[in-house]
Amino acid sequence: MAAIAASREGKRSVELERTEHLGGLPVNGLGATDIATKGATTGLFKEFVDGVYHYYVNRYGKDSPQVRDCSQGYHFEPKVAAIVFEEMIRKEGDNITILTMRQFDAAAHNVEIKNGKIASILVTNRINSTTEKYKGKVFVDATYEGDLGGASGVPYHIGRESGAEFNEPGAGRIYKLWK
């Protein structure tokens, strides 16, 4: 989504994906979103959800069980998520280059910092085991656990902060009742 947003601002980007499948968790098995307020969905995520919905309508028909089960596009098969993501990327033309099977290991020696910014990163090409260097003006850490941020020395916090830290009375509370 970051690559698509950048493309729509006229920027070019390279996306490095660890697996063979572009699309992160939705493509690798997370086939449902848990958003309770679907009406609040906007932007690129709304485009994705609409793409899922239209896939099922076009493939199986408007009144099909598949369309009903997709819950307006919020529930989907991983292969459908992959199709929708690939279509969204394709529409951006040559602004986005996708390189799969690229492994970033969260270690400081894999990140070059210049003037307080990431200047380049080293990744392993999982196809041929070679090391590749990527330079850029901007890096987006879209890893699940913030690997690039952690390896580059960005401060982080593990766990929940107290309510006093940011003057948030609800911070640190776990709400169990979901309706």
When every residue in the stretch 64-83 that is small (Gly, Ala, Ser) and within 16 Å of the chain's Cα centre (by Cα) is compared, the one surrounded by the fewest Cβ atoms within 10 Å (Cβ to Cβ) is 82
Would you confirm whether or not the stretch 115-136 contains a residue that is among the acidic types (Asp, Glu) and open to solvent by 40 Å² or more (accessible area, probe 1.4 Å)?
no
Only one of these conditions is not met by residue 101: (1) closer than 18 Å to residue 3 by Cβ; (2) open to solvent by 90 Å² or more (accessible area, probe 1.4 Å); (3) of a type outside the set (Asp, Glu); (4) within 20 Å of the chain's Cα centre (by Cα). Which number is it?
(2)
Of 86, 9, which residue is open to solvent by 50 Å² or more (accessible area, probe 1.4 Å) and in contact (Cβ under 8 Å) with a residue 40 or more places away in the chain?
86
Going through the stretch 89-104 in order, the residues found to be part of a loop (DSSP other than H, G, I, E, B) and in contact (Cβ under 8 Å) with a residue 24 or more places away in the chain are 92, 100, 101, 104
Given the condition open to solvent by 70 Å² or more (accessible area, probe 1.4 Å), among the acidic types (Asp, Glu) and modelled with pLDDT under 90, answer yes or no: does some residue in the stretch 46-61 qualify?
no
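The values are calculated or read from the model by the stated rules, or taken from the named source; none is laboratory data. Bear in mind that the values here come from a model prediction, so they are computed numbers and not experimental data. Please note: Cβ atoms are built from the backbone with ideal geometry, for glycine as well, and neighbour counts cover all protein chains shown. Side chains included, ligands, DNA and RNA excluded: accessible areas come from the protein's heavy atoms. Shrake-Rupley method; radii C 1.70, N 1.55, O 1.52, S 1.80 Å.
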